[in-house]
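Asks: Quick one: the structure is below, and I'll ask about it shortly.
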């Protein structure tokens, strides 16, 4: 009986999905273009294909208001880490730092927040 219970627990344990990893923000840069900004973000994530991939990142002000959203339209399984940019971001005068947050299609927004000082 004890051996059967251990076997059942082991079998069930292997059937459970593994905890997914959130996208990791490896770095970011900002460049001002007149009244707007271009932000480039480098992400890494163990993309497995359409079932689990980093699908976006956003730029937030200090109050958590979204200033820009970059949607990533496909997995980057063989391109890790990867960098994508978003142009035309309106950042109000007086803001010297923004926060970047990444998400994946399986787990949503990650807990990691990346602070970027504007040049």
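Nothing in this text is a laboratory measurement; each read-out follows from the coordinates by a stated rule. Please read these numbers as outputs of a predicted model, since none were measured by experiment. In this analysis, Cβ positions are derived from the backbone assuming ideal geometry, glycine residues included, and neighbour counts consider all displayed protein chains.
Asks: If I model a spin label as a point 7 Å beyond the Cα along the Cα-Cβ vector, how far apart are those points for residue 95 and residue 40 in nm?
Replies: 2.1 nm
Asks: Follow-up. Taking 0.36 nm per intervening residue step and subtracting the Cα-Cα distance, what contour gain separates residue 111 from residue 32 on full extension?
Replies: Stretched fully, the residue 111-residue 32 segment lengthens by 25.7 nm.
Asks: For Cα pairs less than 8 Å apart in space and 6+ apart in sequence, what is the mean separation divided by the residue count of region 19-117, i.e. the relative contact order in percent?
Replies: 33 percent
Asks: Sort out for me the Cα centre separation of region 67-97 from region 23-43, rounded to whole Å.
Replies: Cα centroid of region 67-97 versus Cα centroid of region 23-43: 6 Å apart.
Asks: Additional query: Taking the convex hull of the Cα atoms, report for region 19-117 its projected area averaged over all directions, in nm².
Replies: Approximately 6.0 nm², given one-decimal rounding.
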